[in-house]
Structures are given as C-alpha cells and as structure tokens.
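Reviewing the structure listed below.
All of the numbers you see were taken from the coordinates with simple rules; none came from a lab. All figures in this text were calculated on a predicted structure; none of them were measured in a lab. Here the Cβ positions follow ideal geometry from the backbone for every residue, glycine too, while neighbour counts run over all protein chains shown.
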Amino acid sequence: MIYQKAIKQNSQLLAKVAPKIIETEAEYQSVLPEVERLLFNKNRTTEEDALYNLLVMLVEKYETENHPLEPAKPFQVLQHLMEARGINESDLLDVLGLKEGYQERSTVVIKVLFG
C-alpha cells in the first residue's frame, strides 16, 4: 500500500516536471519556478529531493553553457563584500590599520577599489 502511494506520488511529480536536458531559454525559464518551489519546500519527500538535485544539475549545465560568468576582478569582489556588509572606505582603512596618514592611503584605497 505504501509502495503504491509512493509510485503514484512519484508519477504525479514526474508528470508535472519531466526532467530533460535544457536546450532553450524557454525551457530554462520554465524550469526555474519548479526549482525555486522545491528549494523552499521544507518538507520535501525523497522523490522531490532527487528531482530537485537533478533539476539543479540541468540548470547549472545550461547556465554554464549559455550564461557563462566572467571571473570577477579582485577589486570587484572587494567592492561587493564591502557593499554587502555596509562597509565604506573609511571602515576599510580602519580594518587594514591604515587610519594614520588618511589622505595618502585613501588615494591608494580608491585606486584599489575602482581600478
């Protein structure tokens, strides 16, 4: 009885989202809501976990091939981290122990941050 219920649930799940290689932007866009739904589902079944993992692999493959990211430059990473943490240039100078001689060092930090 439990086995039959699991088969039925799995069949319904696969009928809703038939996993396959993502080849077009439309297919990519159509699978993203299901990935998001599964991602935030706190009570995923074993079958939903397996489907989620499979869909993530398919999405990552498509993104790698069709939406490649260029490696970030070090100053871009630093800018992002500062922004995410609400740190400004003065805070960075303080963290780096460069508060003394603020004017000269500030120029160096600006060059580092903005290329």
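Values computed for the structure shown
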| read-out | value |
| --- | --- |
| FRET efficiency, ARG37 to VAL77 (Cβ-Cβ, R0 30 Å, nearest 0.05) | 0.45 |
| Net charge, LYS20 excluded, C-beta distance under 13 Å - Lys, Arg +1, Asp, Glu -1 | -2 |
| In sequence order, calculated HN-Hα J values of the range 66-78 (Karplus, 6.51, -1.76, 1.60; Hz; x Gly/Pro) | 10, 9, x, 9, 6, x, 6, 6, x, 5, 5, 5, 4 |
| Gain in span if fully extended, GLU65 to GLU47, counting 0.36 nm per residue against the direct Cα distance | 3.7 nm |
| Label-point gap, in nm, between ALA18 and MET57 - each point 7 angstrom along Cα→Cβ | 2.0 nm |
| Highest to lowest packing among 44-56, 64-76, scored as the average C-beta count within 10 Å | 44-56, 64-76 |
